[in-house]
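Read the structure below first, then the notes.
The values are calculated or read from the model by the stated rules, or taken from the named source; none is laboratory data. Predicted model, so just to flag it, every value in this text is computed and none were measured. No Cβ is skipped: glycine too gets one built from the backbone with ideal geometry, and neighbour counts run over all protein chains shown.
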Amino acid sequence: MVNYTDNNQIRLVGTIVSEKTFSHEVYGEGFYMFDLEVPRLSDTSDVIPVIVSERLLSGQNFNVGAKVVIDGQYRSYNNIINEKNKLVLTVFVKEIREQVEDDKNQNSNEIILNGFVCKKPIYRTTPFGREIADILLAVNRAYNKSDYIPCIAWGRNARFCQNLEVGQSVKIYGRIQSRQYEKKLEDGSSEIRRAYEVSVSKMELDREQNKNDGEDTENVNKVDNNSSADQLIS
């Protein structure tokens, strides 16, 4: 039996920065959303939307300003706005607890994904010569569902992505990052929006899965930007 939990794992350590709002209900169980601010090493932070069951919130004081540790999965779903599909990304909480002193010494934003390349990665360079590749990863979960997670790779990882083919199984290590951008609207006005993606620090082909799928992976090696000058520091 496949353990889908292993395909999609995330840990966040941060501060709740918004009030909880009702999201939806499944079989009588309510789910709520809030934003979590997660610090980066560069003294900036990412603001990440989180969804959590009322069952995990019961009897807990998880209000604005609370510092928490979250374990869960990165999920996606389509939201139809003005007859257009929009991919919405949230962290689905499996466990939540208050921070303790030992949590200050661990990585505050860590994600591991094991999925399949959905479309040919887009490789490009910035005006300053930095190499970037965009990857869309389909991560399977139970009940024949999949989450579609946009990822961004830099430097040697970006070059590695040039050789990936649709359908190959890839394991990615990284962090969730948020960024603001200006969206031009049809009436000529603009608004500030926030996008989310997984910033890749290390990636490798799943040799066993690709072997089962008939892929030739003999000459493909793991790429790890943690030991490279190409690593993005943001």
With criteria (1) in a strand (DSSP E or B); (2) outside the structural domain of His24 (by TED's automatic domain parsing); (3) loosely packed, with under 13 Cβ neighbours inside 10 Å, Lys86 comes up short on (2)
If you scan the stretch 48-65, which residues turn out to be surrounded by 13 or more Cβ atoms within 10 Å (Cβ to Cβ) and either of a type in the set (Ser, Thr, Tyr) or modelled with pLDDT of 95 or more (or both)?
Ile48, Pro49, Val50, Ile51, Val52, Ser53, Glu54, Leu56
Any residue that is at negative phi, without any contact (Cβ under 8 Å) to a residue 60 or more places away in the chain and assigned to a loop (DSSP other than H, G, I, E, B) - is there at least one of those in the stretch 19-40?
yes
For the stretch 92-108: of the residues being at pLDDT 95 or above and of a type outside the set (D, E, K, R), which is nearest to the chain's Cα centre (by Cα)?
Phe92
